[in-house]
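Asker: There's a structure below that I have some questions on.
No lab work stands behind these numbers, since they all come straight from the coordinates. On a predicted model such as this, the values are computed, not experimentally measured, just so you know. Heads up, the Cβs are rebuilt from the backbone with ideal geometry, glycines too, and the neighbour counts pull from every protein chain shown.
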Amino acid sequence: MRPYDLMIVGPATRDRNTDYTGREELIVGGAVTYCTPAARAAGAKVFSAVKASPADEDIVAMFRRYGEDAALLPSPVTTLMSNVYFTADRERRHCGCQAQSDPVTLDQVPEVSCRLYHLAGLLYGDFPNSLIEGLHGRGMVSADAQGFLRHNEGGELRFHDWADKMRYLPYMDFFKTDAAEAEILTGLTDRAAAAKQLYAWGAKEVMVSHNTEILVFDGHGTYTCPIKARNLSGRTGRGDTTFGSYLAMRMTGADVPTALQYATACVSLKMETPGPFQGTRADVEAYIREFYQ
């Protein structure tokens, strides 16, 4: 049986989003929710390990459609997030957290044959250090920086440097930050320089996302690709869609430039429609032909 190309591990969330006009919507969110369909559409064999309360039947049903390729990691509560957007492009926002699921522990992660484990976190505390060490013993590891920098402090989200970065960045075969997170981690405002610093500290392949472009440094070169979304109505989940599709492409054999172009085109297309990516690889390839070639 073919092993899974990647396992996406992390909490699903309930999100209360309020746009700049005051319109409110309640959705299921979380990095795992956005990473999974983007990675699957790219053609990877994906397993989703979802942290949530079993009482949230709609979340359970959302991932149950993947059948044996998904598992619920039970938590007493599901993470509850709130986002208030101040601008139409959703670049300025206030985020809060009213509840946080308990940490993912190694014994909860299904022991299936898998090449890469992606820690799709939201908040500090989602993933204990013992989980990183344990998954590193099983296969390759990737992570999104927000799961180690964003702290829930009495319902307010505060960003702090990752105290254990020097120890655990060498465990990261792939590591993603956005531009602001990269500055917190490295003290550098130049995105390319920050990516190189994270690589020097041990991460083997580094992605830095920005609202204008996606950048990757792999120790051999710095690669960039511009975002070309025609509208930003689907801004939520941008980074997770990008990294999910990128990891899928890399794990199925694409080189860095090819994977980067695909991932940037995928997120550009996704941002034109709210919610997780619902398209196909063919849709992304058509978008590339129209806007990138």
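Asker: Mind checking which lysines have their Cα closer than 27 Å to the Cα of Lys228? Skip sequence neighbours fewer than 8 apart in that chain.
Answerer: The reachable lysines, counting only those whose Cα sits under 27 Å from Lys228, are Lys176, Lys196, Lys270.
Asker: Please work out the Kirkwood hydrodynamic radius for the range 138-281, using every pair of different C-alpha atoms, and report it in angstroms with one decimal place.
Answerer: Details: mean 1/r = 0.0646 Å⁻¹.
Taking every pair of different Cα atoms in the range 138-281, averaging 1/r and inverting gives 15.5 Å.
Asker: Take the alpha carbon atoms of the range 192-208, find their center, do the same for the range 258-289, and report the distance between the two centers in whole angstrom.
Answerer: Using only Cα atoms to place each centre, the spacing works out to 25 Å.
Asker: Two-decimal Rg/Rh of the range 175-249 from alpha-carbon positions, Kirkwood Rh? Can you show the working numbers first?
Answerer: Values: Rg = 12.2 Å, Rh = 12.6 Å.
My calculation puts Rg/Rh at 0.96.
Asker: Mind sorting out which of (i) 153; (ii) 177; (iii) 122 is the real volume of the Cα convex hull per residue in Å³ computed from the coordinates?
Answerer: (iii)
Asker: To the nearest 20 debye, what charge dipole does the range 47-153 have about its Cα centre, counting +1 at the Cβ of each Lys and Arg and -1 at the Cβ of each Asp and Glu?
Answerer: On the way: 9 positive and 14 negative charges, 55 e Å.
It comes to approximately 260 debye.
Asker: Consider just the alpha-carbon atoms of the range 92-181 and return their Rg together with their Dmax, both in angstrom.
Answerer: Rg and Dmax of the range 92-181, Cα atoms, are 13.5, 41 Å.
Asker: Report the Cα centroid-to-centroid distance between the range 20-40 and the range 52-128 in angstrom, as an integer.
Answerer: First find each Cα centre; the distance between them is then 11 Å.
Asker: Oh, and also: What's the ranking of 220-232, 236-248, 67-79 by average number of surrounding C-beta atoms within 10 Å, highest first?
Answerer: Numbers: 220-232: 15.1, 236-248: 28.3, 67-79: 17.0.
Highest-to-lowest ranking by the protection proxy: 236-248, 67-79, 220-232.
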